[in-house]
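Below is one structure, written out as structure tokens, with a few remarks after it.
The values are calculated or read from the model by the stated rules, or taken from the named source; none is laboratory data. What you see is a predicted model; the values in this text were computed from it and never measured. Cβ placement follows ideal geometry from the backbone for every residue including glycine, while neighbour counts extend to all protein chains displayed.
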Amino acid sequence: MRCVHHNKIVRVHRKEPPPMSFETLGFFALFIAALLLYYAVPKPLKNYALLAAALIFYSSAGLGYIILLCVVILTSFAFMHLISSAKTQSGRKSLLAAALIVLFANLAFFKYYNLFGKALMQAVFKMGLPVLLPDSGLLMPLGISFYTFTVAGGLIDVYRKKTPPQKSLLSYAAFVSFFPLIASGPIERAANIVPQLEAPVKFNYDNFANGASRILWGFFKKYVVANTIATAVNGVYSNLAGFSAPYIIFATLCYSYQLYCDFSGYSDIAIGVAETFGIKVMENFARPFAAHTFSDLWRRWHISLTSWLREYLYFPLGGSRKGKARAVLNQVIVFTVSGMWHGATLSFVIWGVLNGAYLVIGKETAAIRDKFTARNVFYKNKHVKNIIQTVIVYLLFTSCIVFFRANTLQDAAYVYTHLFTGWEILLHPAQAFGVYKTVLSGTSTLLLLLCIPFAEIIEWLAARKSLANGAYIRSLKAPAKIAIFYVQLAALAFFGVLGSSSFIYFQF
């Protein structure tokens with residue numbers, strides 16, 4: 001098991017990874033203790049056990065932010081009941097608006113204050129005015145983007161009378177702060193989780209075993225696949241000027257898959273931990289790189305966020321019901337908000353706008369492309385057609401991802417302006433391979449050539465059976481099941497890359 005220090009993506013207002021990341025002994029000790037306590041105590045005390053575990057987990061990212069989390073929980077709980085008890089529609093609407101302003105102002109302060117404060121100071125100094133805005137000196141609280149959307153969605157559901165206000169503050173607090181989900185989701189709905197928290201609980205071996213199997217799968221994707229790819233990506237992106245276009249393009253293509261394995265690996269672990277407690281959490285990924293269209297990719301990627309934006313932003317804006325021009329505008333707005341949700345820099349906004357533009361262009365050109373598809377000789381074979389479309393979608397996604405990965409907007413510009421430079425190195429194979437080995441070793445290359453197809457095949461087979469990855473592996477006959485478990489354990493033991501590299505989405 002290798003321990004390395006990865007170069008972090010440096011952006012304004014990023015936080016350090018929490019000490020209790022999933023691979024730490026501290027997390028496993030907390031997880032096992034919480035699990036034993038949860039099944040040992042009487043039902044009225046179970047949510048106290050979950051809440052205590054959440055506070056211990058969250059305190060590892062900073063004691064001060066526990067107070068902020070508690071304030072958000074109490075404030076949203078109070079507003080939920082005020083909205084429900086309001087006598088008039090205008091009163092309900094005013095209370096919802098007030099609640100959302102409070103929530104998103106809090107999010108904006110921690111996420112955007114330093115960025116916009118610095119930009120404002122630069123503009124003022126250029127005008128010759130010596131005005132200083134104090135730096136907040138605060139790191140962004142762990143999971144604030146996730147739990148803000150969680151409670152905001154709950155308030156909107158109560159306003160719409162889709163769900164009643166939560167009766168139990170304890171159950172509501174246990175839901176919002178549920179420790180497997182609070183750092184990076186999935187962004188759940190109270191209507192799904194709270195009834196499970198309040199239902200009678202008995203230990204179920206299948207839940208525990210399926211959850212444990214899924215946790216192991218998530219560890220394999222994150223610490224073997226994603227972190228091995230990260231060594232190459234970080235090496236190139238930390239020294240872009242030192243590499244020519246072939247290596248920059250290679251690193252960028254790799255980063256799309258690294259991001260997928262990193263975030264979906266986190267989701268697998270979080271969902272698996274929840275399942276050991278008998279709590280079923282929504283899926284967050286559905287093999288997005290198997291998509292044949294760009295819109296299908298976004299139906300499969302970060303499902304909890306995209307479904308939240310669709311339900312609470314796109315539809316209220318009018319969706320596609322108010323004409324083509326309005327539908328296009330709504331799509332762009334949604335993806336711009338998605339970009340801003342991810343980060344407080346122009347790079348993320350551009351990333352969001354580009355994805356929105358691709359989605360709109362894809363829908364508007366669907367009829368033309370269908371005619372081309374019918375005449376395309378390469379598309380006569382269904383399997384060839386699917387492969388070509390999947391590759392095109394992956395390339396489109398990757399063409400935007402530079403803004404997501406580059407440390408600065410200037411670095412992103414460097415990537416795009418140097419795509420056609422340095423290709424002559426490929427005319428000198430020995431030299432080209434020598435540079436490649438500085439990016440990714442032969443052992444790591446072989447590891448990825450084995451592990452990526454292995455992961456894709458398992459997830460493809462699981463999807464065909466409509467089973468989660470962990471449940472699918474457990475459903476296999478003993479020899480296959482044992483072999484897969486040992487492959488994962490051996491890969492983690494001998495090739496797992498641990499160290500200061502946290503999950504990418506912890507920074508959001």
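Suppose we filter region 20-54 for residues that are modelled with pLDDT under 90 and either over 17 Å from I269 (Cβ atoms) or outside the structural domain of V176 (by TED's automatic domain parsing) (or both); how many remain?
Of the residues in region 20-54, 0 are modelled with pLDDT under 90 and either over 17 Å from I269 (Cβ atoms) or outside the structural domain of V176 (by TED's automatic domain parsing) (or both).
Checking the structure you have, find out if any residue of region 84-98 is of a type outside the set (V, I, T) and closer than 24 Å to F506 by Cα.
The answer is no, given that none of the residues of region 84-98 is of a type outside the set (V, I, T) and closer than 24 Å to F506 by Cα.
What residue, among those in region 364-403 that are among the aromatic types (F, W, Y) and farther than 24 Å from K324 by Cβ, is surrounded by the most Cβ atoms within 10 Å (Cβ to Cβ)?
If we take residues in region 364-403 being among the aromatic types (F, W, Y) and farther than 24 Å from K324 by Cβ, then F403 is surrounded by the most Cβ atoms within 10 Å (Cβ to Cβ).
Picking from G339, G352, which residue would you name as being assigned to a helix (DSSP H, G or I), without any contact (Cβ under 8 Å) to a residue 24 or more places away in the chain and in contact with a His (Cβ under 8 Å, 6 or more places away or on another chain)?
Just a single option satisfies the conditions, and that option is G352.
Keeping to region 315-336, report how many residues are assigned to a helix (DSSP H, G or I) and of a type in the set (S, T, Y).
Counting residues in region 315-336 that are assigned to a helix (DSSP H, G or I) and of a type in the set (S, T, Y) gives 1.
Among the residues that make up region 210-233, is at least one of them modelled with pLDDT of 95 or more, under 20 Å from F146 (Cβ atoms) and of a type in the set (V, I, T)?
Among the residues of region 210-233, at least one is modelled with pLDDT of 95 or more, under 20 Å from F146 (Cβ atoms) and of a type in the set (V, I, T), which makes the answer yes.
Among the residues that make up region 323-335, is at least one of them within 26 Å of G153 (Cα to Cα) and basic (K, R)?
Checked against the condition, which is being within 26 Å of G153 (Cα to Cα) and basic (K, R), region 323-335 yields at least one hit.
Which members of region 360-405 meet the condition of being outside any helix (DSSP H, G or I) and either out of contact with any helix residue (DSSP H, G or I) (no Cβ under 9 Å at 6 or more places or on another chain) or not assigned by TED's automatic domain parsing to the domain that holds D296 (or both)?
Taking region 360-405 and keeping what is outside any helix (DSSP H, G or I), we get 365, 376, 380-381.
Within region 360-405, T365, K380, N381 qualify.
Does V332 satisfy the condition of being buried (at least 18 other Cβ atoms within 10 Å of the Cβ), hydrophobic (A, V, I, L, M, F, W, C), outside the structural domain of C254 (by TED's automatic domain parsing) and in contact (Cβ under 8 Å) with a residue 12 or more places away in the chain?
Numbers: buried (at least 18 other Cβ atoms within 10 Å of the Cβ): no; hydrophobic (A, V, I, L, M, F, W, C): yes; outside the structural domain of C254 (by TED's automatic domain parsing): yes; in contact (Cβ under 8 Å) with a residue 12 or more places away in the chain: yes.
Considered against the rule, which asks whether it is buried (at least 18 other Cβ atoms within 10 Å of the Cβ), hydrophobic (A, V, I, L, M, F, W, C), outside the structural domain of C254 (by TED's automatic domain parsing) and in contact (Cβ under 8 Å) with a residue 12 or more places away in the chain, V332 comes out as no.
Answer yes or no: is there a residue in region 413-421 that is under 27 Å from Y266 (Cα atoms), buried (at least 19 other Cβ atoms within 10 Å of the Cβ) and not hydroxyl-bearing (S, T, Y).
Start the filter on region 413-421 by keeping residues that are under 27 Å from Y266 (Cα atoms), which leaves none.
No, every residue in region 413-421 fails to be under 27 Å from Y266 (Cα atoms), buried (at least 19 other Cβ atoms within 10 Å of the Cβ) and not hydroxyl-bearing (S, T, Y).
If I filter region 117-138 for residues that are within 23 Å of L63 (Cα to Cα), surrounded by fewer than 21 Cβ atoms within 10 Å (Cβ to Cβ), at pLDDT 60 or above and hydrophobic (A, V, I, L, M, F, W, C), do I get at least one hit?
yes
Give A491, A463 a once-over and let me know the one that is within 21 Å of I215 (Cβ to Cβ), touching a residue at least 40 places away in the same chain (Cβ under 8 Å) and crowded, with 18+ Cβ neighbours inside 10 Å.
It is A491.
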